[in-house]
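Asks: Just passing along the structure, written as structure tokens.
Readers should treat all values here as calculations from the given coordinates under stated rules, not as data from a laboratory. Computed from a prediction, not measured in an experiment: that's the story for all the values here. Virtual Cβ from ideal backbone geometry, glycine too; neighbours counted across all protein chains shown.
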Amino acid sequence: MGCITKHYITEDTLIGVWNIEEDLNTLLKTVPLEGDDIKRFSSFRSSSRKLEFLSVRALLMELADSNARIVYNKNNKPFLKDGSRFISISHSHNLTAILMSKNERVGIDLEYMSSNISALAFKFINKNEKITRDKSLRKRHLYLHWCAKEAIYKICDKEGIIIRRDITIEPFEVQDSGIINGRVKNSRLNETFVLYYAIYNNYAIVWTRQNYEIDSI
């Protein structure tokens with residue numbers, strides 16, 4: 001199926017989602033690999049990891065052009081080699097998502113809602129956060145909550161942030177789509193974020209974008 005959505009959020013910021021239905025040989029014919037990409041691709045042992053890697057590059061070609069190249073910093077945060085756009089990437093199960101912008105920092109996370117996430121909630125929910133007690137909505141709420149924290153973690157470059165302690169998500173109602181408010185605060189950062197979410201099939205997707213201005217501590 002390939003690219004299932006390409007949506008401009010603003011004139012300079014767009015989001016794309018790729019549904020992986022191709023096999024390795026098909027994607028290898030579509031995506032030109034060279035240099036560090038060949039080394040990175042060859043280092044993966046599992047076919048699923050290779051498919052994920054190729055789907056990211058295939059989606060990038062849909063959103064940018066065939067010359068766009070992804071590189072990573074010491075925290076494994078992706079960047080475009082030419083520095084032309086900010087970029088954030090997420091993958092889960094059969095979906096790959098990219099959020100990119102010419103003039104805004106970006107963060108995106110998606111998760112396939114399969115596991116019993118309630119058993120892991122203590123690892124990312126802090127004492128100031130609230131999760132619905134409605135059993136029919138709790139699983140979705142937890143996944144959206146986790147994705148929101150991951151999106152903030154990514155937009156803040158990951159370094160020095162403890163997700164459970166430093167990121168707080170304000171209470172929100174679980175719907176098919178909506179807005180979430182969140183904050184990251186530690187000795188280095190004090191920023192608030194507006195996040196946007198959607199439920200697609202059995203996936204939770206959350207993204208955020210922000211200009212260069214930040215709150216003072």
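Asks: Where does each of 142-152, 9-19 land if you order them by average Cβ count within 10 Å, highest first? If you can, show how the numbers build up before the last one.
Replies: Numbers: 142-152: 26.1, 9-19: 17.6.
The peptides rank, most packed first, as 142-152, 9-19.
Asks: Under Stokes-Einstein, with the Kirkwood radius over Cα pairs standing in for Rh, what whole-number D in µm²/s applies to the chain at 20 °C and 1.002 mPa s?
Replies: Numbers: Rh = 18.0 Å.
Translational diffusion coefficient: 119 µm²/s.
Asks: Oh, and also: Quick check on the chain: helices-only [θ] at 222 nm, where DSSP H runs of length 4 and up contribute -39,500 (n - 2.57) each and the sum goes over total residues. Nearest 500, please.
Replies: Working: 5 runs with 57 residues, N = 217.
Result for the chain: -8000 deg cm²/dmol, rounded to the nearest 500.
Asks: Let me ask something else. How large is the Rg to Rh ratio of region 2-103 when both quantities use alpha carbon positions and Rh follows Kirkwood? Show your work: numbers first, answer last.
Replies: Values: Rg = 13.0 Å, Rh = 13.9 Å.
My calculation of the ratio gives 0.94.
Asks: Additional query: Which lysines, if any, have their Cα less than 20 Å from the Cα of residue 74, not counting same-chain residues under 8 positions apart?
Replies: Counting by Cα, and skipping residues close in sequence, residue 74 has these lysines nearby: 39, 154, 158.
Asks: Assign unit charges at the C-beta atoms only (+1 for Lys and Arg, -1 for Asp and Glu), then state the dipole size of the chain relative to its Cα centre in Debye, rounded to the nearest 20.
Replies: Details: 32 positive and 27 negative charges, 181 e Å.
Value, rounded to 20: 860 debye.
Asks: Sorted from fewest to most neighbouring beta carbons within 10 Å, what does the list 6, 127 look like? It would help to have the intermediate numbers written out before the result.
Replies: Values: 6 14, 127 7.
So the residues, fewest neighbours to most, are 127, 6.
Asks: For region 120-167, how big is the tail of P(r) above 12 Å, as a whole percent of Cα pairs? Each step should come with its number before you reach the end.
Replies: Numbers: 703 of 1128 pairs.
So the portion of pairs separated by more than 12 Å is 62 percent.
Asks: Once you have the Cα-Cα distance between residue 67 and residue 21, take 0.36 nm times their residue separation minus that, and quote the gain in nm to one decimal. Show your work: numbers first, answer last.
Replies: Working: separation 46, 0.36 × 46 = 16.56 nm, distance 2.39 nm.
Length difference between fully extended and current span is 14.2 nm.
Asks: When the C-alpha atoms of region 109-210 are aligned to their principal axes, what extent does each axis show, in angstrom, from largest down?
Replies: Ordered largest first, region 109-210 gives principal extents of 38, 25, 20 Å.
Asks: May I ask you to sort 45, 183 by Cβ crowding, counting other Cβ atoms within 10 Å and putting the fewest first? Show your work: numbers first, answer last.
Replies: Values: 45 8, 183 17.
In order of increasing Cβ crowding within 10 Å: 45, 183.
Asks: Mind giving me the FRET efficiency for residue 38 and residue 158? R0 is 22 Å, r the Cβ-Cβ distance, nearest 0.05 is fine. Write down the numbers at each step before the final one.
Replies: Values: r = 26 Å, r/R0 = 1.17.
After rounding, the FRET efficiency stands at 0.30.
Asks: Got a sec? How would 98, 38, 117 order by Cβ neighbour count within 10 Å, fewest to most?
Replies: 38, 117, 98
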